[in-house]
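Please read the structure below before turning to the comments.
The values are calculated or read from the model by the stated rules, or taken from the named source; none is laboratory data. Bear in mind the structure is a predicted one, so any value in this text is a computation, not a measurement. Cβ sites come from the backbone with ideal geometry, for glycine too, and all protein chains shown count toward neighbours. Accessible surface areas use protein heavy atoms only, side chains included; no ligands, DNA or RNA. Shrake-Rupley method; radii C 1.70, N 1.55, O 1.52, S 1.80 Å.
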Amino acid sequence: MTDTPVLPPITAVVNPISGGGASHQQWPAVAAELERRGATDISVIESQSSEHATDVAAGSAARGALTVAVGGDGHVRDVARGVLTVPGARMGIAAAGRGNDLVRHLGLPSDPTEIAAVLAAGTVRRIDVLDVTRADGTTALAVGNVYAGLDSEATELINEIRWMGPLAYRVAPVLTAAKWKPMRIALSVDGVSREMSAHFVVIANSGDYGHGLRMVPTASVDSGHLDVFIVDGRSPRLSLAALMSQAKAGGAHQHRDDVEIITGSRVEFSIDRPIPVHSDGDYLGESPVTVSLRPKALPILVP
């Protein structure tokens, strides 16, 4: 007879507003399957803020529990920040956001039974994370991407019209592009500096965002480098709609004449006007910003 594996303590850090409350439906079903698999120590804590999610995750990791982020990409980042305070601590993800782009990149399931199977018996994938320094010297973490330009302006609008659901991800880029003017950016990658006109710049770890856009197809969360994706500001605004369609359809846009991808491990940039800089779907600040890579820092359970 095969012994049932002993599961570690599990702490679910639930974002109650992720996916319009989807986390409240997702986690109970996952927990029920984990209990069926023999889990006997499952704690559930609803996060009250980004900082609270980080603090709870840090406490969970310190006591040796498997910490599970139940929410979207931004919540995953907040939980990861806490888990990373304990070297080697493992993390799981139960997708419950609107975009779930990191989940998609990692090939993680969205079905509760399959999520529980990964949490109970998945393998560890150590992923890179991004350390970000803002203009005022404060620091932040990103797990997916840091980006600025037309797409960060569109993200601001998406966050304002979340009540539209997935449709917001289609409407916001169109409305933003209608009034967009290219930005002037000073960019340094591993000490090599240049200035340019750009529609947007993405410092990519995963390369996936915007509810299914594979914006930087060359990026991978365990590549050991950053992929810096730049769209030339001299290209017509009307051509950007085709670029977005190509990013949704599979990545042909990376071969366009107005697209450039540079690799490195440290990126600094500043923009000629106040434009929001975003990370993992949330507002980070304004430029100048410095992004550096922390390779294979975060152990995440995957199928």
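Using 0.36 nm per residue and subtracting the Cα-Cα separation, the extra length available between Thr113 and Ala32 on full extension is 28.3 nm. In the stretch 77-197, the alpha-carbon atoms span a convex hull of 160 Å³ per residue. When Thr139, Thr113, Thr67 are compared by accessible area of protein heavy atoms, the largest-first order is Thr139, Thr113, Thr67, using a 1.4 Å probe.
Expressed in units of 2.2 N^0.38 Å, where N is the residue count, the Cα radius of gyration of the chain is 1.00.
Distant-in-sequence amide contacts of Asp227, defined by a placed amide H-H separation under 5 Å and a gap of 5 or more residues or a different chain, comprise Ala204. A straight line joining the Cα centroids of the stretch 81-152 and the stretch 238-281 runs 20 Å. By accessible area, using a 1.4 Å probe on protein heavy atoms only, the chain has 53% of its surface on carbon and sulfur. Across Val79, Val86, the residue with the most accessible area heads the list, and the full order at a 1.4 Å probe is Val86, Val79. Surface calculation, 1.4 Å probe, protein heavy atoms: Ile45 sits at approximately 60 Å² accessible.
Here the stretch 77-144 is treated as a sphere whose radius is the Kirkwood value from Cα pairs; by Stokes-Einstein at 20 °C and 1.002 mPa s it diffuses with a coefficient of 158 µm²/s.
Cα-based radius of gyration for the stretch 1-144, normalised by 2.2 N^0.38 Å, reads 1.01. For Cα pairs less than 8 Å apart in space and 6+ apart in sequence, what is the mean separation divided by the residue count of the stretch 184-303, i.e. the relative contact order in percent? Relative CO of the stretch 184-303 lands at 27 percent. Counting only protein heavy atoms and a 1.4 Å probe, the chain has 43 square angstrom of accessible area per residue. What trypsin sites (Lys or Arg not before Pro) does the stretch 163-246 have in DSSP loop regions with at most 12 other beta carbons within 10 Å? Sparse-neighbourhood loop trypsin sites (Lys or Arg not before Pro): Lys179, Arg234.
Length available on full extension from Arg134 to Ser188: 0.36 nm per residue minus the Cα-Cα distance, which gives 17.9 nm. The stretch 32-72 and the stretch 179-235 have Cα centres lying 33 Å from one another.
Mean residue ellipticity, 222 nm, helices only, the chain: the sum of -39500 (n - 2.57) across DSSP H runs of n ≥ 4, divided by residue count and rounded to 500, is -8500 deg cm²/dmol.
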